Structures are given as C-alpha cells and as structure tokens.
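What follows is a short report on a single structure.
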Amino acid sequence: PPFCFSCHATKPNMLNVHLVPHTHDDVGWLKTVDQYYYGDRNDIQHAGVQYILDSVVDQLLKNPDRRFIYVETAFFYRWWKQQSSSMQQTVKQLVNEGRLEFVNGGWCMSDEATTHYSAVIDQMTMGLRFLNETFGPCGRPRVAWHIDPFGHAREHASMFAQMGYDGFFFGRLDYQDRARRMVKREQELLWRASNSLTPPMADLFTGILPNGYNPPEGFCWDQSCDDPPIRDDPDLEDYNVDDVVKRFLTIANSQAMVYKTNHIIMTMGSDFQYENANLWYKNLDKLIRYVNGQQANGSKVNVLYSTPSCYLQELHRANLTWALKTDDFFPYADDAHDFWTGYFTSRPALKRYERISNSNLQTCNQLEILGGPVSRKGPFGDGESQTMKKAMAVAQHHDAVSGTEKQHVANDYARRLANGWQHCQVLVSNSLTALSGSSAKRIYCDNLNISVCPLTESSKKFSVNVYNPLARPVAWPVRLPVNGTSYVVSDAEGKSVDCQVCVCVCVCKRCKLHLYAFSKPYMHDIVHLYFLLKTEYLCVHVLQFIRVTFDPDTGLLSSLSNLETKQTIKLTQNFYWYNASDGNNKESNQPSGAYIFRPNSSTPFIISKTAKTESIQTPVVQEVRQWFAPWVSQVVRLYGDSRALELEWTVGPLPIDDDLGKEVITRLDTSIKTSEYFYTDSNGREMLQRKKDFRPTWNLSQSEPIAGNYYPINSRAFIKDDVDQLTVVTDRSQGGGSLQNGSLEIMLHRRLLYDDVRGVGEPLNESSGVFPEGLVVRGCLRLSLDRPPSAADAHRPLAQQVVLQPLLTFTDGDLHPNTQLEFSGLQAALPPAVHLLTLTQWDKDSVLLRLEHQFQSQESKVNSHPVTVNLELSSGCMYLLMPPVF
C-alpha cells in the first residue's frame, strides 16, 4: 500500500545504489531456536536475536533516513510479546512509516528442496497472520526473500506468486548459471512458475542478489567483522574516507555492469548481525554522505537507504523486458565439484518424522473442528494445536528438515515435534470422545514403525479407531504387533475384515507377530475395528491387481506386472553405496557432508549380488523378505486389493570400520526406454522433467556425473516411455536421479566422517541411544505401473494418501454398547481432482477451508479439467469453480 512506503528519492541520471540493512537469523542451525533467541551458548556461535531487535529499533529511532528489513516471524513474535505497550506502539509507527519493513514474513525461511507444499503454506500462514493482525496492511510483506536456501524450487515461486508477492529475491544459484547470467545481464528475470496456471497467475519477478546476502568485500561493519570503520577525521593519520569512497565506487560501477538498470542493490548485513546496530548505521550514514558528496565533483553514483520493496518499485518503473524462466534452480553447485545435493537425503529419520508430523497436524486440525469446542478442553487450555503448528513451522526452516543442522539442534527439532503431538493427542482424544460418545481412554502407539505397541502386544481384545484425513475413500492396511497366533477382526457393523497373522521383521533384535487387516474408511470416517484373539480363524482374499516375479538364483525382483492394464516390465532392484570423498584427491579437496554429495567414484559398490529370501503367501498379504547384508534388508509386500507394490527397506547402522563414509542408494533398473529423461515432483505438487547432464537454460559443463544429476524427490518420481510408466512414491523427501536409461536411483541413508566446510562444523554421523553403533532407518517406497496417459490418476492420489495417512488410536477391551462407531465429516466425497488442503480453526467463530485442484494441466485426460464444488453452508450454497492446480 502506498501509505506504508517510505522510499527515498532516486536520481534518474545516476546509478542508484540501494543499501538494504538486514540480518539473517536462522531458526536453528548451529544452536537451537531458543539458544539463538536468548544469545545462549555463544561458545558455539555468537548470536542473540533479542539483542538484534533491541538494537535495531533503537538505532532506527535516531535517524529517520535509516531503514531495516526483518524476515523470521518466529523470532520477531517472541520479541514482540516481551515488549511494553509503549515500545509496541513505537514499532508500529516504524512499520507504518516504512522504516521497518517485513519481507518474506513466514514463521521461518523455509527450505525449498525437502519441504512439502502443504507444510510451507501452513508456516507462511502462521507468520503472515501474525503480521497482519499486529500491523495491518503495512505489516504485509510485498517481497519474498529466500537468501539462504540451497537451490530454489519452482513450486515455491508459484506459491509466492499466488500469495500476492510482487517479487522474489535469493542469493544462491549454480556458479555456471550465475556466470552466464552476469554476461547477459539476466540476473533479474521473470519466473513463470507453473505450466498449468494462466499467466500471470504464477509469474513472479525474481532477482539474484550480487553477493549472496553479504555486504561487498571490505564493507562489513558488524561487531563480527574485521573491516576497518570509516575514519573521517582529517587531522588523524589513519583518515580513510577517500579510500573508502574510491573502493565503493569501483564496486558499484562493476556491479552495474552485470545488471540491467541504473539501480543496483547491496545487502548490508549477514548472519545474526546488528546485535550492536550502532556500528553498522554509524558507518552507513557516513558512507552515504561521503559517496554522495562526490556528486558535486561529477560522480554519477547516488547511494540511499532502501528496502527490497523500494528497489523493486524502481525496477518496475524501468518498464523493461526481462528474461523468462520456466524450470527451477536445482541442483545448486558453488564450484565444479561442490554440488549441494546431499541434503536432499541428510537425516532421513528426521525427514520422515517431519512428514508424519505434518499428517498428524492436519488430522489434529480437522478433529478440532469436527469435535467442536469440547475438543480444546484440556491441561493446555486452548493451545493444544498451536504447539504443534509452531513446531511444524519451525521444522520447515532451511536448516531443519533439510538435515543441515548440528546434531543437538536436530534433536531439538524432533523434541518440539514430539511435544506438539503430545498436545494434539489431548485434542484428538477429546474430539473422538465427543464424536463417539465413549469416554474410553485413547492410546497412541507412536512406535509402530519399529513394531512396538504395548497394548496390542498384551491385550486379547482391543479396538482401533482409523481416521482418514482425506476427502475421498481410501483402503489402508492396518499392521499391528501382537502375541496371539489367530485373531478375528470385525468392522463397525460387525462384519468380518480380512486379516492375517505373520511373523514380522523387526529392527529391535526380537521377533514378534504382525496382524494385518484392511480398513476402508471413507471421507473423514472414523471407523472402529475390533481385534479379538481366537483359536481358529481363516481369512480368504485374492490378489488381483499386481504380479511380481523374482529371480530364483539371485532372490532379486525380476518383473512387475499390472494385471488390469496387461502391462509387464523387466524390473531389477538392488542396494548399493557410494564411498564418500574425504577431500583428499587430485581434483578437489571437497568432502561429502551434510550439504554436499560427492562420491569418490562414479560406480557404486553393490552390497550383495544376491539376497537371502523368505516368502510368505497368504490371501491377505504376500511378502518376500530379502536380506542383503547384516545392515540392509527389505520386505517386498503386496496387499490383496492394492494397486501399488511396497518396498519396505531397513538400512543401518552403516559400517564405517574402513574409515569411509557411505551413501546408500536403491536402484531400479527397468526395460522402460527413457532416453535419459525422468520426472520429479516440486514440493509435492507439479511434476518437472529432468534430463541427465542437461540444464534447460545453459550449456552444462558436467564435472560431477553422479551428484550433478541428483534432484530432490519430495513425494514421487517416475520414468516412462510411450507404453509404460513406473512411478515411485516416497514416504519422505529424498534425493535421486536417473543415471542410466531405464533406471531410477534413490538415496536412502548417509553416514559421513568429514564436515563439508559449509558451516555446520561436524560430520553427518548420526547415532542414538537405541542405536549407539549408528542410526538404523526404515522407510517405504511404493511402486505403481501404469499407462502414461492415465498414470497421474493413480500416482497423485497415492502420493496424497502417503502424505496424509490415516491416524490410528486404540482402546482396550470392550467399548460401551452405545458407542457411535462411524462418523463422517462430509456428506459425499469430493471429486477426484479436488484435494482438501486445509481445514482448521481460524478463530472462535470461523474456520479456514482450502480446496485445491491437484492435477496439472493436460496431465490427465479425465481429471485435468476445471471442477465445480458445491459447499452447503447454513446461509445457503457457495460454488467454487476451480482451475487446475489451485
């Protein structure tokens, strides 16, 4: 809004240098969020955000010309709550006058490779809502500001455009891409971030900052810097004004040569700077005065305090034509052998926990509404869901789910998520009590991933609530550890449910039994399943959709068939590892680390050419259990009415007795003729085409044939030809690529012995109390084989089903006879193309509902069309006409 802007005048016949004072405050990295805010553990890193905000506000008040931008709402929110009412009024005045400007505005500056779009939208909502409710229109950020993430996703730009941002600025892009753009003056461009939305719905002006997000060399005046201050007393021997002005003019004119207008931007700040803001502002005041003083001598350089919004306004006024970009900025490399593609997989356990937490949060939000106000009654007051929302928002930070933080910080992120889920469990229990009419104690088995659930392992009779957070029917297998050898399972109507008891494969060094059953909850259905131990029970089911074959000599997969479409492909799957570079080789001293993936060879080591196998065939579930090594095993699993094949892998602890770090992959080799193309999702939404050793916007000189061909896979990837498409749905964000025709590889786990010298200062060598010898990670890939024209109709719903999986809660013994055993929050399923993205309490009297079209344009013959949805409200009907994607 114009009345919030307070941009200094520029001069049309001069080079205008926009100085942007800023601080980059990581929401956890080397220290935890709390340690950063309070300035604790300065032995690790000197940083205290509360002092930064104190100091900046004080200095802004001393000179109305000064400007400052702030980004991370998670920190500002804390600081704001501790201020007096008079200080709050002072800050509001600074915001209203445009002297303090919020940019980006999310709870954090999210990672762009490993985040799911639904969680990004949630964290942006949390930050932007606080700014709007606190400061009104003047608190609304106009510019997206992602100066530190390690590569940039097209979907992020699309979301920012649809959120109404005017522009997007970032600091990191591939070194080859930057060099080409500097020559062509294309460091500022128009990013067309969707091939589904009609321009300009997903168009966003994008600027690449000149120095990452740091000041020009020699012009850092923070207490953490060593550059000399401006010494402007001519009577002193060390007077340096002339030298400072000369050096600055040289830098400014040089920078102007690689940008397109007579306006350039300089970021004056860096990580956790401005704790003593007087140092910065006193020197910046002098810099502006002395450089502009040279205009009287014919200088054509004009320096001013500015903000990204003011800078963007001047670029808009230039009315130029900008270069167009339609792909993304992955992978990112800052040198020939330094590809930041390792973090796509780093800390795979944390990445999975974040994804599960997102699913739990959406269920918590929905049940808060469906259960009514009584859901929020508990020991935490009305804040049961807020704790989880904040924990998930913090987890989206680019040094959180990315896996690029110190170990104690990763532990803190996980602790916050666990604490948030404990709060949400109170809400979920209250809601289920209200909806079912039963006050029976609800039990949560949060360790089912390692086959641990004390209730089901000890009780002879129990019930399971299965809540489906999707707005369409799903079939979901329920797999529980039990002690009995025969069970009968019945649904809410008393009808028997197919089940089977099998010996399970465990990671905790003791075997137990698994009980498999199928639930079919519908739109927001809460369905009860009763599990009763019996002496004899027979289950009958026919496996009808998929056939897999195994090589009898090797024990490996050999083919996959879709019986509905009459497709068969050759498919071999195995496990390999890359030895991680330790930095001691002739090409480069760059080792693999939390950020960077750098194998010391282009050929991975095969873990075993054969697998020891064990087969279980029942009418409900069929499994082939494979053992490749003491630290690598897998269960190939096929359920009776499933159209996807499960590969449940268990990897770890990775052996390091040879003093080499290891990066473990699984590779699928098929008969599909891919011509070096494959496809990955962007933050779980639109799919992007990739090609080996190729970049759409410049001629790539490939120096790392493995790491340079890795891309983020957030929820799915596929390979295809004209006849067959094999889609792999992941249960967390992972890195992968297609390095051979017909092949798709996905990195599962990393254990490294050296730091990659990007700041985190420790190797990625995870362990835990349960696994002191190294972390064991378990995950699941789901494979589907379809015809390319219709494959999206299968893999998009499957991916959403994995992201938002049903929530299981348990009760012991018999339920009260008057218990309501089924409930649905919808009268009918939403159309297949429509996804319920958000259903959450907004305030006491209102609810936030977001629906989205989940198919890309021309992706599906059936579902890539506009959809009309009728929302029946108490006041009548509301109709939504939904274009593809949003």
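What to note about this one:
- Of everything in the range 762-781 that is in contact (Cβ under 8 Å) with a residue 12 or more places away in the chain and small (Gly, Ala, Ser), the residue that is nearest to residue 644 (Cα to Cα) is 779.
- Checked against (1) in a helix (DSSP H, G or I); (2) touching an Asp or Glu at 6+ places or on another chain (Cβ under 8 Å); (3) surrounded by fewer than 23 Cβ atoms within 10 Å (Cβ to Cβ); (4) not aromatic (Phe, Trp, Tyr), residue 63 meets all criteria but (1).
- Any chance residue 459 is of a type in the set (Gly, Ala, Ser) and in contact with a Pro (Cβ under 7 Å, 6 or more places away or on another chain): no
- Positions within the range 192-240 being in contact with a Ser or Thr (Cβ under 6 Å, 6 or more places away or on another chain), part of a loop (DSSP other than H, G, I, E, B), buried (at least 21 other Cβ atoms within 10 Å of the Cβ) and not aliphatic (A, V, I, L, M), in sequence order: 194, 213, 214
- Selection status of residue 689, touching a helix residue (DSSP H, G or I) at 6+ places or on another chain (Cβ under 7 Å) and surrounded by fewer than 19 Cβ atoms within 10 Å (Cβ to Cβ): no
- Residue 616 being within 29 Å of residue 407 (Cβ to Cβ) and either charged (D, E, K, R) or in contact (Cβ under 8 Å) with a residue 40 or more places away in the chain (or both): no
- Across the range 650-661, a minimum of one residue is classified as touching a Leu at 6+ places or on another chain (Cβ under 7 Å), at pLDDT 95 or above and either assigned to a strand (DSSP E or B) or of a type in the set (D, E, K, R) (or both).
- The set of residues from the range 701-733 being closer than 23 Å to residue 569 by Cβ, touching a residue at least 60 places away in the same chain (Cβ under 8 Å) and in a strand (DSSP E or B) comprises 711, 713, 716, 718, 720, 725, 726, 727, 728, 729.
- Members of the range 601-613 found to be assigned to a loop (DSSP other than H, G, I, E, B) and touching a residue at least 12 places away in the same chain (Cβ under 8 Å), listed by number: 601, 602, 604, 607, 608, 609, 610, 611
- For the range 802-820, taking the residues that are in contact with a helix residue (DSSP H, G or I) (Cβ under 7 Å, 6 or more places away or on another chain) and over 27 Å from residue 870 (Cα atoms), the one that is surrounded by the fewest Cβ atoms within 10 Å (Cβ to Cβ) is identified as 820.
- Near pairs, Cβ below 7 angstrom, 6+ apart or cross-chain, from the range 571-600 (farther than 30 Å from residue 560 by Cα) to any residue that is in a strand (DSSP E or B) and charged (D, E, K, R): 579/662; 580/662; 580/663; 590/338; 592/663; 596/338; 597/663; 599/663
- For the residues 674, 680, the requirement of being under 22 Å from residue 712 (Cα atoms), in contact with a Lys or Arg (Cβ under 8 Å, 6 or more places away or on another chain) and either modelled with pLDDT under 95 or assigned to a loop (DSSP other than H, G, I, E, B) (or both) singles out 674.
- Note on the range 90-140: residues that are assigned to a loop (DSSP other than H, G, I, E, B), buried (at least 24 other Cβ atoms within 10 Å of the Cβ) and in contact with a strand residue (DSSP E or B) (Cβ under 8 Å, 6 or more places away or on another chain) amount to 7.
- Of all residues in the range 408-456, those satisfying the criterion of being of a type in the set (Val, Ile, Thr) and either modelled with pLDDT under 95 or farther than 30 Å from residue 30 by Cβ (or both) are 426, 428, 433, 443, 450, 452, 456.
- Restricting 692, 673, 612 to residues that are of a type in the set (D, E, K, R) and more than 28 Å from residue 786 (Cα to Cα) narrows the list to 612.
- Tabulated pairs, the range 236-264, first closer than 13 Å to residue 292 by Cα and at pLDDT 95 or above, second of a type in the set (D, E, K, R) and surrounded by fewer than 18 Cβ atoms within 10 Å (Cβ to Cβ), C-beta under 7 angstrom, 6+ apart or interchain: 241/232
- For residue 74: the one exception among (1) buried (at least 24 other Cβ atoms within 10 Å of the Cβ); (2) part of a loop (DSSP other than H, G, I, E, B): (2)
- Here the condition is being polar (S, T, N, Q), in contact with a Leu (Cβ under 6 Å, 6 or more places away or on another chain) and under 30 Å from residue 179 (Cα atoms); of 302, 262, 211, it holds for 262 alone.
- Output for the range 118-138, where each listed residue is within 30 Å of residue 801 (Cβ to Cβ) and of a type in the set (D, E, K, R): 122, 129
- Of all residues in the range 594-624 being surrounded by fewer than 17 Cβ atoms within 10 Å (Cβ to Cβ) and basic (Lys, Arg), the one that is nearest to residue 343 (Cα to Cα): 609
- Residue among 684, 661 that alone is within 23 Å of the chain's Cα centre (by Cα) and crowded, with 20+ Cβ neighbours inside 10 Å: 684
- Taking (1) of a type outside the set (Ser, Thr, Tyr); (2) under 28 Å from residue 834 (Cα atoms); (3) assigned to a strand (DSSP E or B) in turn, residue 489 satisfies each apart from (2).
- Only listed residue being outside any loop (DSSP other than H, G, I, E, B), within 24 Å of residue 145 (Cβ to Cβ) and not hydrophobic (A, V, I, L, M, F, W, C), chosen from 290, 281: 281
The values are calculated or read from the model by the stated rules, or taken from the named source; none is laboratory data. If you're wondering where the values come from, they're calculated on a predicted model, not measured in any experiment. All Cβ positions, even for glycine, are placed from backbone atoms using ideal geometry, and neighbour counts span all protein chains on display.
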